[in-house]
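All of the numbers you see were taken from the coordinates with simple rules; none came from a lab. Because the structure is a prediction, the values reported are computed rather than measured. Here Cβ is always computed from backbone atoms with ideal geometry, including for glycine, and neighbour counts include all displayed protein chains.
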Amino acid sequence: MEKLDMLYRGKAKELYSTDDPDVLWVKYMDQATAGDGAKKAQIQGKGILNNRITTVLFRLLEAEGVKTHFIRRISDTEQLNEKISMFPLEIIMRNTAAGSFAKRYGIEEGTALKRPILEFCYKSDELHDPFINIDGIVALGLATEEQMAEVSRQARDINDKLTSIFDRIGVKLVDFKIEEGVNPQGQIVLADEITPDTCRLWDANAKTGTVGHLDKDLFRRDLGDIIPAYEEIYDRLAALADREGIAVE
């Protein structure tokens with residue numbers, strides 16, 4: 001596989017074309033951002049860890065029947081993904097009130113929700129990723145009603161499966177965002193990444209009265225170094241995959 005031209009450079013990844021038109025070459029960067037890009041830093045080792053964490057999580061989800069665009073990890077910071085047509089949406093699942101959701105509704109962070117909440121944002125840096133509902137998505141031609149029914153079903157299914165995975169390693173999945181798209185076979189599949197950058201993860205074994213952040217809130221809120229937390233997440237996930245006989249390379 002040969003890496004060709006850069007197609008896109010985002011906040012955390014670079015995407016390249018390859019000599020196979022159906023395959024993308026993805027490089028994870030060490031850059032961390034928060035506050036819609038207002039806060040930035042280079043954190044050595046972050047790209048390696050996010051590449052590894054996405055690899056193991058996608059393999060664990062695939063073992064439970066979730067279709068993804070992931071092909072394989074090819075280096076410490078790089079992986080190959082199937083090239084798909086992405087929906088311009090952030091798909092957000094919330095299990096516990098935290099972050100912007102808690103602030104928006106004046107709810108104490110950590111409050112358990114009576115049911116998981118599914119939200120959508122329109123991906124647009126210029127517009128700062130505004131919230132959008134399914135009527136708006138369909139009206140603007142971002143996806144069809146049928147596609148959004150399947151996206152919603154998959155989001156809730158992924159939430160159930162991810163919650164179980166993290167439960168098994170002593171981590172509470174507070175909320176997360178994912179992206180999806182349509183593969184060449186016309187299937188809607190999970191794409192992009194799942195990492196502590198895109199999930200809010202709390203250590204279930206944290207001392208009473210503490211949260212035990214294992215995610216990017218450490219960076220957002222100046223609470224400490226993210227690298228030990230990301231290493232902890234990877235080590236626990238890798239151990240789980242090993243116990244369950246799932247190859248992650």
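Ranking Met6, Gln42, Leu57 by how far each Cα lies toward the positive end of the dipole of the range 3-82 (charges on Cβ) leaves Gln42 at the top.
The eigenvalues of the Cα gyration tensor, multiplied by 5 and square-rooted, give the range 85-225 an equivalent ellipsoid with semi-axes of 28, 17, 14 Å from largest to smallest. Using the Cβ-Cβ distance between Ala204 and Asp20 with R0 set to 41 Å, the FRET efficiency from 1/(1 + (r/R0)^6) comes to roughly 0.50. Sorted largest first, the principal axis extents computed over the alpha-carbon atoms of the range 3-82 equal 36, 31, 22 Å. Based on the convex hull around the alpha carbon atoms, the chain presents an average projected area of 13.7 nm². Taking Cα centre as origin and charging only the Cβ of basic (Lys, Arg, +1) and acidic (Asp, Glu, -1) residues, the dipole magnitude of the chain rounds to 720 debye.
Look at the dipole of the range 85-225 built from charges on Cβ: of Thr163, Thr111, Ala97, the Cα furthest out on the positive end belongs to Thr111. Computed about its Cα centre, the charge dipole of the range 85-225 is approximately 620 debye, with only Lys, Arg, Asp and Glu carrying charge at their Cβ.
Could you tell me the calculated FRET efficiency between Lys3 and Asp160, based on Cβ-Cβ distance and R0 = 41 angstrom, to the nearest 0.05?
Numbers: r = 36 Å, r/R0 = 0.88.
Computed FRET efficiency for Lys3 and Asp160 comes out at 0.70.
Each label was represented as a point 7 Å from its Cα along the Cα-to-Cβ direction; for Lys11 and Ala149 these points are 3.3 nm apart.
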